[in-house]
Structure formats: structure tokens, C-alpha cells
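Student: One structure coming up, written as C-alpha cells, with questions to follow.
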Amino acid sequence: MGKPVKGTNKARIEIPITDGSTYTVRILLLDAKGSVISYADHIGVLNDNHADVYEGTATLNGSKVKLSGPTSNDWWHLYAWQDGKQITFKNGRQFAIRGVDDLTSLTVEGGSGVIKVVLEDFSGKMSEPVEVPFGTTYTSMEK
């Protein structure tokens, strides 16, 4: 918390990500010596304009890929693509549902590649896509 400035009657608080979090702002009333003589709390909820990106890994297991569960607490659906082709889930759905679908046995093409993953949060916001490699990938190194 910054030091109070005498005569200040306004404040600006910048929030880098508005993700639906709750917040509390405490407003202090100070005497001439800077001692707190009263305060008021304002409690509110930020608008939800952000969806966390997928942070996880993809592991090849035979001819299937296992995606680790998203680390975000605010996700409802997971969408995945390989080479522009959407990966389907239970009953042919184009997304996995949190707590319902198994992320440990995704059908993929080949023994290595990249899966693009997008999360949808509980407010319907879509995350930025993340590319997650799986299998054996080869990189060339120049000498």
C-alpha cells in the first residue's frame, strides 16, 4: 500500500486483467498527522473479460494423446485441433466438458505433432489458442 498524500481526494486503480474476481477497496480518512480516524470498505466484482489460456502438456500414449488437465479454475469447455482439424470428444462433440470428458485418450494423426488448445470459461469467453507439442519432435541445430 502506498503512503497517503495530504489533500488527496481521488485515486486510480488499474487492473491488468478483469476476470470476474471479487475485490475490496478500503478508503481511509486521515487526520492532519496522517493517523486513520475512519475507513470504509467497498466490495465489488470485476467484469469478466478474460479467459485463462491452457497451461498443460500433451503426452503420446500409443496412438492416443493425453492432455493434462487445465490449471485454470475458470474453464468449462476445452476445444482442440490438430493440423486445422478439430478433435472430437464424447458423442462427437467438438469440445470437452469439464468434469465430464476424458482428456487422457484423444485420437490424433501420427506419432508426433502439435495440438492447438482453446479454453472457454464459465462466462463464455474464449482464451487465446496455445500450441502444445506431443510425441517425438525433431529440431535441427545449426553448427
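Student: Between residues in region 72-85 that are farther than 13 Å from VAL108 by Cβ and residues that are open to solvent by less than 40 Å² (accessible area, probe 1.4 Å) and in a strand (DSSP E or B), which pairs lie under 6 Å by C-beta distance while being six or more apart or on different chains?
Tutor: TRP75/LEU119; TRP76/GLU120; HIS77/GLU120; LEU78/ALA96; LEU78/LEU119; TYR79/VAL118
Student: Out of GLY92, GLY135, GLY124, I need the residue that is within 18 Å of GLY56 (Cα to Cα) and either out of contact with any helix residue (DSSP H, G or I) (no Cβ under 8 Å at 6 or more places or on another chain) or loosely packed, with under 12 Cβ neighbours inside 10 Å (or both). Which one?
Tutor: Being within 18 Å of GLY56 (Cα to Cα) and either out of contact with any helix residue (DSSP H, G or I) (no Cβ under 8 Å at 6 or more places or on another chain) or loosely packed, with under 12 Cβ neighbours inside 10 Å (or both) holds for just one of GLY92, GLY135, GLY124, which is GLY135.
Student: I'd like the residue in region 89-128 that is at positive phi and over 13 Å from the mean Cα position of the chain (by Cα) and, out of all such residues, is modelled with the lowest pLDDT.
Tutor: Here the residue is ASN91.
Student: Criterion first (of a type outside the set (Lys, Arg), out of contact with any Asp or Glu (no Cβ under 6 Å at 6 or more places or on another chain) and exposed (fewer than 12 other Cβ atoms within 10 Å of the Cβ)) does TYR23 satisfy it?
Tutor: Yes; evaluated as a whole, the condition is true for this residue.
Student: Considering region 58-74 alone, what residues qualify as being among the β-branched types (Val, Ile, Thr) and either modelled with pLDDT of 95 or more or in contact with a Leu (Cβ under 7 Å, 6 or more places away or on another chain) (or both)?
Tutor: Answer for region 58-74, where residues must be among the β-branched types (Val, Ile, Thr) and either modelled with pLDDT of 95 or more or in contact with a Leu (Cβ under 7 Å, 6 or more places away or on another chain) (or both): just VAL65.
Student: I need the full set of residues from region 107-137 which are over 19 Å from VAL53 (Cα atoms) and either touching a Lys or Arg at 6+ places or on another chain (Cβ under 6 Å) or in a loop (DSSP other than H, G, I, E, B) (or both), in order please.
Tutor: VAL108, GLU109, GLY110, GLY111, THR136, THR137
Student: Further, regarding this structure: Out of the residues in region 70-87 meeting the condition of being hydroxyl-bearing (Ser, Thr, Tyr) and farther than 17 Å from PHE134 by Cβ, tell me which one is least open to solvent (accessible area, probe 1.4 Å).
Tutor: This residue is SER72.
Student: Which pairs have Cβ atoms under 6 Å, sit 6 or more apart or on different chains, and link a residue in region 38-55 that is more than 20 Å from ASN73 (Cα to Cα) and part of a strand (DSSP E or B) to one that is open to solvent by less than 60 Å² (accessible area, probe 1.4 Å) and modelled with pLDDT under 95?
Tutor: HIS42/VAL25
Student: For region 5-19, does any single residue satisfy the condition of being within 24 Å of LEU103 (Cβ to Cβ) and not basic (Lys, Arg)?
Tutor: Yes, because at least one residue in region 5-19 is within 24 Å of LEU103 (Cβ to Cβ) and not basic (Lys, Arg).
Student: Let me ask you something else. Which is surrounded by 13 or more Cβ atoms within 10 Å (Cβ to Cβ), part of a strand (DSSP E or B) and of a type outside the set (D, E, K, R), of LEU103, LEU29, LEU60?
Tutor: Selected residue: LEU60, the only one of LEU103, LEU29, LEU60 that is surrounded by 13 or more Cβ atoms within 10 Å (Cβ to Cβ), part of a strand (DSSP E or B) and of a type outside the set (D, E, K, R).
The values are calculated or read from the model by the stated rules, or taken from the named source; none is laboratory data. What you see is a predicted model; the values in this text were computed from it and never measured. Cβ coordinates were reconstructed from backbone atoms using ideal geometry, including for glycine residues, and neighbour counts include every protein chain displayed. Quick note on the areas: whole protein, heavy atoms, side chains included, nothing else; ligands and nucleic acids left out. Shrake-Rupley method; radii C 1.70, N 1.55, O 1.52, S 1.80 Å.
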